[in-house]
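Chemist: Let me begin by handing over the structure; questions about it come next.
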Amino acid sequence: MSVLAALWGASYMFIKVAIDDVSPIIVVWVRIVLAALVLLPIAHHRGALAELRPHLPTVLMLSVVQVAAPFLLITFGEKHIASALAGILVASAPIFTALLAFRLDREELATGWRLVGIMVGILGVLLLFGVDLTGDSAALLGGLMVLLASFGYAIGPLQMKRKLTGVQPVGIAAATMTVAAVLLTPAVPFVWPTEAPGADTIASLLVLGAGGTGIAFLIFYTLIAEIGPGRATVVAYIAPGFSVVYGVVLLNESFTAGTAAGLFLILGGSWLAAGGKVSRSELSRSTVPAPARAR
């Protein structure tokens, strides 16, 4: 899980660098195309794609709510807010998972301290919006877009648990990235850059696509299959630590006392909402490279 957190935490920094040169749509499209190129050969070699034939509607749904829509929302959102703040807001995914469980998954239902966690996390989100995004309508919109993306991240795992049990995670990751890329392709010619992007943008897109998306989603889907959606989304309260460090140290972004308080409340609330514990054995097992465990 720590490997996944480091990869996802860095994604917000790479997005921030890339959108200085190219359209957010291009950033997302290149990101998922590269991810598909990484994942498809692995999925084909393991025969994972054939398992998805009876589940094409679910794959299409996940391609939109778990990949295309959240990626676009986060990337457009980062046009107006800091990468560190985007990483913090995405940490609300376990809170949305707990809320959605009231309707979709009784096994993930929040009771007791998990309900407290939901309220604490919501308070943290409100604090961030009141302190870091107040007075700026563009920043407020950017924050809302990232928050909506975290809602999509919460829907995906619950749907996977309900409809794709037993399907190899690498197949799900490869298929959803591929379908999402196809869905976005018609928009690409309209926003293609007129000038070649800089070397830093190209490098950011390469790492974002292959590592922060392809490998990261493979690990994430494997975690869902092994430890369940509630604990899998726990990575959302580890990754913000990395995103804050990357943003502050490498991009010179500010980190105020209000941001720190919001981060603490969201991470604490997410931890409680996800069950309030993750065993050391689960964490250590999650750091094993995903391809070795996907079967």
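Chemist: Suppose we keep just the alpha-carbon trace of segment 113-161; what are its Rg and Dmax in angstrom?
Modeler: Values for segment 113-161 (Cα only, Rg and Dmax): 13.1, 41 Å.
Chemist: Size of the dipole of segment 2-292 about the Cα centre, Lys and Arg at +1 and Asp and Glu at -1 on the beta carbon, nothing else charged, in debye to 20?
Modeler: I would put it at about 940 debye.
Chemist: Right, next: Taking the Cβ of each residue in Ser2, Ser63 as the centre, tally the other Cβ atoms inside 10 Å and list the residues starting with the fewest.
Modeler: Ser2, Ser63
Chemist: Kindly provide the pair-distance distribution of segment 6-136 built from C-alpha pairs, with 10 Å bins from 0 and whole-percent values in order of increasing distance.
Modeler: 10, 29, 33, 22, 5, 0
Chemist: For the residues Leu73, Leu115, what sequence is obtained by ranking on other C-beta atoms within 10 Å, fewest first?
Modeler: Values: Leu73 23, Leu115 15.
Ranked by crowding around the Cβ, least crowded first: Leu115, Leu73.
Chemist: Compactness ratio of segment 2-292: Cα Rg over 2.2 N^0.38 Å, N = residue count?
Modeler: 0.94
Chemist: Please state the relative contact order of segment 2-292 as a whole percent: Cα pairs under 8 Å, 6+ residues apart?
Modeler: On the way: 481 pairs, mean separation 120.2, N = 291.
Dividing the mean separation by the residue count of segment 2-292 yields 41 percent.
Every read-out reported here was derived from the displayed coordinates using simple, explicitly stated rules and does not represent laboratory data. Note that the structure is predicted; figures quoted are calculated from it, not measured. Here the Cβ is made from the backbone with ideal geometry for all residues, glycine too, and neighbour counts use every protein chain on show.
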